[in-house]
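Asker: Mind having a look at this structure? Questions to follow.
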Amino acid sequence: MGEFVDRASIIVKSGRGGQGSASFRREKFVPRGGPDGGDGGRGGHVYLIADPNLNTLLPFRYDQEFAADAGGNGGTRNRTGKQGKDLYVRVPPGTQIHTAIDGVEYTVDLERPGQRLLAARGGRGGLGNVHFATSTRQVPRIAELGEPGEELHLELELKLLADVGLVGFPNAGKSTLISVISAARPKIADYPFTTLQPNLGVVDVHDQRFVVADIPGIIEGAHRGVGLGFDFLRHVERTRLLLHIVDAAGVDGRDPLEDYERINTELRLYHAPLAERPQLVVLNKLDLPEAQANLPRVQAALAAAGVPDEVIFAVSAATHTGLEPLLTQVVAQLRELPAPQRDLVEKHEPALTWGVPEVDPEQYAVEREGEGWRVRGVKIERLISMTNFAQPEALDRIQRVLEATGISNALLRAGVADGDMVYIGDAELQWSHTETYG
């Protein structure tokens, strides 16, 4: 298993739409050919997709920017530009994606393999001049630019998808246990913090299969980020069952009962429901004389604390002693606990989106900005972003739209005067009662 990385920051950019064409027919024996400029193609979308073959965010340590292709420009003879190729950014299942849009925080969770998030939409292609021909304007020399793509800063956070989480202090024997019950091969040695990254293993018991995560050991104060802190606790949030591994031998001079209480305290302080999650208490290292000497005292104390006998197991991961009853109980517990929906997503299922509230594109607002005026609105700002101000007819079109939408009257009611600057998107326009100048 490669280096484990469970947080990353990336930037995604969708493709700009292609430019519309302002061309005219040039055919033999047709001296006054009409407009035939085609539309630009849509820019490429950016998707994030949960790939079951990934289990770390390590690739994003080296690649942080992802951009989809722009759409192709429209051509003559009403030819539409090529659509920009969509970009798929692959992340491990269990990745949460966070971003802010217009000051509002959004989170999307890609739990299921194949699940997709439409993170950034490609820009619309610009209209060609065939769309601007009218009975009074038969030779339109105007076409739209492509709509700019979206750019978003995304925070990625991986929370492992495991049915069972192994929790306990460093050197309690979690790595040994997962190496024995599954094909996982974590590094094992006799010192604290052997495991610096979670290890996933698949366990088969009595024709039942479950995923277990050996999660890095914690220390007191982990809920505040001390030690491995959040890097540990984040990954137990999704598990259905916890195996609380206790070093019954106390080989580091620790007291098994104190360790048991401290781990539960850290779980409760980090996220209270974690302390209520079903637990099996695994008293490990039964092969050592110290564990056998401690066992009666520890079992009695747990019973006095209300821990049922049927969830306490004395084992030796090193010699495999007591593992069969433990695993049988794990399977029985998992059957009773609700399983999350993690089946492979069907290809026809729609992609998730950010859930941004619908905004009426016809709405607009006029407000004072410095010595000028700011016009805000989805439709008018999109129009400005797609306007080619180098074309003579562009300003005439903007003037007509401002009048038709009522924005001109709204500016007049607000007090706009000749010579005032009007800001729409990135454009600065000078107001006149008769026309607007770029």
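Asker: Could you tell me which numbered condition residue 415 fails, if it satisfies all but one of (1) buried (at least 16 other Cβ atoms within 10 Å of the Cβ); (2) at positive phi?
Answerer: The single condition residue 415 does not satisfy is (1).
Asker: Those residues that are within 15 Å of the chain's Cα centre (by Cα) and of a type outside the set (Phe, Trp, Tyr), I need them from the range 65-86; list them, please.
Answerer: Step one: filter the range 65-86 for residues within 15 Å of the chain's Cα centre (by Cα), giving 65-66.
Once the filter is applied, which keeps residues that are within 15 Å of the chain's Cα centre (by Cα) and of a type outside the set (Phe, Trp, Tyr), the range 65-86 yields only 65.
So that you can scan it fast, the table gives a plain yes or no per residue for (1) touching a helix residue (DSSP H, G or I) at 6+ places or on another chain (Cβ under 9 Å); (2) of a type in the set (D, E, K, R); (3) part of a helix (DSSP H, G or I):
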{"site": "354", "(1), (2), (3)": "no, no, no"}
{"site": "357", "(1), (2), (3)": "no, no, no"}
{"site": "360", "(1), (2), (3)": "yes, yes, no"}
{"site": "363", "(1), (2), (3)": "yes, no, no"}
{"site": "400", "(1), (2), (3)": "no, yes, yes"}
{"site": "408", "(1), (2), (3)": "yes, no, yes"}
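Asker: Taking the options 295, 283, 274, 288, name whichever one is over 16 Å from residue 256 (Cα atoms) and buried (at least 16 other Cβ atoms within 10 Å of the Cβ).
Answerer: On the way: 295 fails: over 16 Å from residue 256 (Cα atoms); 283 fails: over 16 Å from residue 256 (Cα atoms); 288 fails: over 16 Å from residue 256 (Cα atoms).
Matching residue, one of 295, 283, 274, 288: 274.
Asker: Separate question: Given the conditions (1) without any contact (Cβ under 8 Å) to a residue 40 or more places away in the chain; (2) within 29 Å of residue 21 (Cα to Cα); (3) surrounded by fewer than 17 Cβ atoms within 10 Å (Cβ to Cβ); (4) of a type outside the set (S, T, N, Q), report the number of the one that residue 392 does not fulfil.
Answerer: The one condition residue 392 does not meet is (1).
Asker: Here is a check on your reading of the model: is residue 9 out of contact with any Gly (no Cβ under 6 Å at 6 or more places or on another chain) and either touching a residue at least 12 places away in the same chain (Cβ under 8 Å) or over 27 Å from residue 95 (Cα atoms) (or both)?
Answerer: Details: out of contact with any Gly (no Cβ under 6 Å at 6 or more places or on another chain): yes; either touching a residue at least 12 places away in the same chain (Cβ under 8 Å) or over 27 Å from residue 95 (Cα atoms) (or both): yes.
Taking the combined requirement at face value, the residue satisfies it.
Asker: Would you mind finding the one in 99, 80, 95 that is within 30 Å of residue 142 (Cα to Cα), polar (S, T, N, Q) and crowded, with 17+ Cβ neighbours inside 10 Å?
Answerer: Values: 99 fails: within 30 Å of residue 142 (Cα to Cα); 95 fails: within 30 Å of residue 142 (Cα to Cα).
Sole residue among the options that is within 30 Å of residue 142 (Cα to Cα), polar (S, T, N, Q) and crowded, with 17+ Cβ neighbours inside 10 Å: 80.
Asker: Now, a different point. Name every residue in the range 102-139 that is out of contact with any strand residue (DSSP E or B) (no Cβ under 9 Å at 6 or more places or on another chain) and surrounded by 19 or more Cβ atoms within 10 Å (Cβ to Cβ), in order of residue number.
Answerer: Restricting attention to the range 102-139, the residues satisfying the condition of being out of contact with any strand residue (DSSP E or B) (no Cβ under 9 Å at 6 or more places or on another chain) are 102-104, 123-127, 134-137.
Residues satisfying the conditions are 123, 124, 125, 126, 127.
Asker: Cβ-Cβ distance below 7 Å, separation of 6 or more or different chains: which pairs start in the range 352-380 with a residue that is within 23 Å of residue 105 (Cα to Cα) and end on one that is loosely packed, with under 13 Cβ neighbours inside 10 Å and not aromatic (Phe, Trp, Tyr)?
Answerer: Correct list of pairs: 354/101; 356/101; 376/365; 377/363; 377/365; 378/359; 378/361.
Asker: What residue, among those in the range 346-362 that are of a type in the set (Val, Ile, Thr) and at pLDDT 90 or above, is farthest from the chain's Cα centre (by Cα)? If you could, list the steps in order and put the result at the bottom.
Answerer: Within the range 346-362, the first condition is being of a type in the set (Val, Ile, Thr), and the residues that meet it are 353, 356, 359.
With the extra rule that they be at pLDDT 90 or above, the set shrinks to 353, 356.
Numbers: 353: 10, 356: 15 Å.
Applying the filter and picking the extreme gives 356.
Asker: For the range 149-158, which positions are buried (at least 21 other Cβ atoms within 10 Å of the Cβ) and in a loop (DSSP other than H, G, I, E, B)?
Answerer: Within the range 149-158, the subset buried (at least 21 other Cβ atoms within 10 Å of the Cβ) is 149, 154, 156, 158.
Of everything in the range 149-158, just one residue is buried (at least 21 other Cβ atoms within 10 Å of the Cβ) and in a loop (DSSP other than H, G, I, E, B), namely 149.
Asker: Another question, if that's okay. Go through the range 166-202 and give me each residue that's assigned to a loop (DSSP other than H, G, I, E, B), more than 23 Å from residue 258 (Cα to Cα) and either aromatic (Phe, Trp, Tyr) or at pLDDT 75 or above (or both).
Answerer: Within the range 166-202, 182 is the sole residue that qualifies.
Asker: Is it true that residue 66 is in the same structural domain as residue 112 (by TED's automatic domain parsing), buried (at least 18 other Cβ atoms within 10 Å of the Cβ), assigned to a strand (DSSP E or B) and among the aromatic types (Phe, Trp, Tyr)?
Answerer: Details: in the same structural domain as residue 112 (by TED's automatic domain parsing): yes; buried (at least 18 other Cβ atoms within 10 Å of the Cβ): yes; assigned to a strand (DSSP E or B): yes; among the aromatic types (Phe, Trp, Tyr): yes.
It is true that residue 66 is in the same structural domain as residue 112 (by TED's automatic domain parsing), buried (at least 18 other Cβ atoms within 10 Å of the Cβ), assigned to a strand (DSSP E or B) and among the aromatic types (Phe, Trp, Tyr).
Asker: What number of residues within the range 38-63 are at pLDDT below 95 and part of a loop (DSSP other than H, G, I, E, B)?
Answerer: The total comes to 9.
Asker: I want to confirm something. Restricting to the range 35-64 and keeping residues that are of a type in the set (Asp, Glu) and over 20 Å from residue 108 (Cβ atoms), which single residue is nearest to the chain's Cα centre (by Cα)? I'd like the intermediate steps shown before the answer.
Answerer: Keep residues of the range 35-64 that are of a type in the set (Asp, Glu), which gives 36, 39, 51, 63.
From what is left, the residues that are over 20 Å from residue 108 (Cβ atoms) are 36, 39, 63.
Working: 36: 43, 39: 33, 63: 16 Å.
My answer is 63.
Asker: Something else now. Among what's in the range 87-129 and is charged (D, E, K, R) and part of a strand (DSSP E or B), pick the residue that is farthest from residue 13 (Cα to Cα). Give the steps one after another, and end with the answer.
Answerer: Going through the range 87-129, the residues charged (D, E, K, R) turn out to be 90, 102, 105, 109, 111-112, 116, 121, 124.
Going one step further and asking which of them are part of a strand (DSSP E or B), we end up with 90, 105, 109, 116.
Working: 90: 15, 105: 18, 109: 20, 116: 16 Å.
Filtering the range 87-129 for residues that are charged (D, E, K, R) and part of a strand (DSSP E or B), the one farthest from residue 13 (Cα to Cα) comes out as 109.
Asker: From the set of residues in the range 309-352 that are in contact with a Lys or Arg (Cβ under 7 Å, 6 or more places away or on another chain) and part of a strand (DSSP E or B), which is surrounded by the most Cβ atoms within 10 Å (Cβ to Cβ)?
Answerer: 316
The values are calculated or read from the model by the stated rules, or taken from the named source; none is laboratory data. Note that the structure is a prediction, hence the values are computed from the model and not measured. For neighbour counting, all protein chains shown are included, and Cβ atoms are generated from backbone atoms with ideal geometry for every residue, glycine included.
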